[in-house]
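Any read-out appearing in this document is the output of simple, stated calculations on the displayed coordinates, not a laboratory observation. In this text, all values refer to a predicted model and were calculated from it rather than measured experimentally. Here the Cβ positions follow ideal geometry from the backbone for every residue, glycine too, while neighbour counts run over all protein chains shown.
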């Protein structure tokens, strides 16, 4: 990776707190996105993603804390900082009677760097007709138009709020292919929220997981993949107490008793910690396997009834 | 010909690196063959181009792949002639990774050693078949 062009990171959130009446939507959320990296923010509906994105886009003033893009406060410098950011909102909006071509013509007038040829190529790749009024496009097509519009001025950063929501599998793939192309060509910094966990697994450098307004995880994906594992113990001999003691060092997130034995997802796996357990016959021939991001996410955001297990979130250092 | 498995504990760049090494070792990617560009492979595998780039960089550093400026990336003409000490160091690292894996799977020592012999035999057999046979 080359050195950043400016000392200010593309995005920093510090202590963001948002309240709606007495309800806390965001609770002291801090994280940063490094130049040229892809940050994926995950969370169930209602976890606070929308509130966070609204703060990042200067659409909502947080009760406390700050959101900065390229070192400048978004709330007080909104128009200026968003010049350098391409945005795909959750509900893409444009005048419904204007055709996509007319919208592009208008956007090109207000953005000096608007790449019209690149925009047209993307539309063709997406298969979105240029002469149909925006209001008559499907939800997926509107999202694709929004992505093409966001990319056309060659932004330094992209903020995508669930860009594949409501798209079929083919259209979802096309959106991620465009993103991958953009990353390959320009190394654009990307912040996205999504439910598309399989895609995140391939492209994200860093992952944030929001639960009930709090940032439970803010960590490099490779590090997360390294420390989470699913362990299976078929019929451990005397069961629970021995097993729980043996697992304690591995920081179990979930421990589930099943008919065939016990399954656990642990958050502090390492070969060194595992080696002493691997050969223990009294634990019922243990097995270990990697955990997909989706399973890891579900284990963290909807932990089953506690069985002595404790969540061990690990934030940024 | 390369596949990424999200339930594989190895980082994705390592899966790509190991996958290419495997294809080269069994002759499916013969010397001089061009490999896909970073962008094309990233698109095929639906992964971040930086991930592919990291794998290619390591393969280039180890002289499994060579870059011809303006033309692309190719499989090196002959197996890299590493100094023995360097070769042994890399071999030791790979062996340690394998030994850790074998231990965590609970494989007894003779079984673990036997599996290495079988894998070497399989690669040797693959080389004598026509390249690109069973991808």
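A Förster radius of 45 Å, combined with the Cβ-Cβ distance separating residue B:120 from residue A:170, puts the computed FRET efficiency at roughly 0.60. Here the spin labels are modelled as points 7 Å beyond Cα on the Cα-Cβ line, and at residue A:112 and residue B:87 they lie 6.0 nm apart. The slack between residue A:298 and residue A:154, meaning 0.36 nm per residue of separation minus the straight C-alpha distance, is 48.3 nm.
Between residue A:132 and residue B:7, the simple label model (points 7 Å from Cα in the Cβ direction) yields a spacing of 3.8 nm.
Restricting attention to the protein assembly as shown, close to 70% of DSSP beta bridges with both partner residues there are antiparallel. Using the Cβ-Cβ distance between residue A:78 and residue A:258 with R0 set to 45 Å, the FRET efficiency from 1/(1 + (r/R0)^6) comes to roughly 0.30. For the pair residue A:220 and residue A:282, label points projected 7 Å from Cα toward Cβ lie 3.9 nm apart. Over the range A:167-231, the fraction of Cα-Cα pairs per 5 Å bin, rounded to whole percents and listed from the shortest bin up, is 4, 13, 23, 23, 18, 13, 6, 1, 0. When the Gaussian network model of chain A links Cα atoms closer than 10 Å, the mean-square fluctuations of A:276, A:62, A:133 top out at A:276. Here r is the Cβ-Cβ distance between residue A:249 and residue A:101 and R0 is 60 Å; the resulting FRET efficiency, rounded to 0.05, is 0.45.
Between the helical axis of A:139-151 and the longest alpha-carbon principal axis of chain A there is an angle of about 70 degrees. Contact order for chain B, expressed relative to its length and based on alpha carbon pairs under 8 Å spaced 6+ residues apart, stands at 28 percent.
Projected onto its three principal axes, the C-alpha set of the range A:1-156 covers 46, 40, 26 Å, listed from the longest axis down.
Across chain A, the mean sequence separation of Cα contacts (distance under 8 Å, 6 or more residues apart), normalised by length, yields a relative contact order of 18 percent.
Exposure proxy ranking for A:119, A:134, based on other Cβ atoms within 10 angstrom of each Cβ and starting from the fewest, stands as A:134, A:119. The C-alpha atoms of chain A define a longest principal axis, and helix A:116-126 lies at about 50 degrees to it. Under a Gaussian network description of chain A, with springs only between Cα atoms under 10 Å, the residue in A:201, A:289, A:272 that fluctuates furthest is A:272.
Mean silhouette area of the range B:1-84, derived from the convex hull of its C-alpha atoms and averaged over all directions, reads 5.8 nm². In the elastic network of chain A, a GNM with C-alpha springs shorter than 10 Å, the most mobile of A:274, A:260, A:75 is A:260.
The helix-based estimate of mean residue ellipticity at 222 nm for chain A, built from -39,500 (n - 2.57) per DSSP H run of four or more residues and divided by its residue count, is -9500 deg cm²/dmol to the nearest 500.
Taking all C-alpha pairs of the range A:83-170, those more than 22 Å from each other amount to 17 percent. Between helix B:49-61 and chain B, what is the angle of the helix's C-alpha long axis to the longest principal axis, kept within 0 to 90° and rounded to the nearest 10? Taking Cα atoms only, the helix is inclined about 70 degrees.
Pairs of Cα atoms nearer than 8 Å and 6+ residues apart set the relative contact order; for the range A:39-137 it is 21 percent.
When the alpha carbon coordinates of the range A:208-307 are projected onto the principal axes, the ranges are 41, 28, 19 Å, largest first. Considering all different alpha carbon pairs of the protein assembly as shown, the Kirkwood hydrodynamic radius works out to 24.6 Å.
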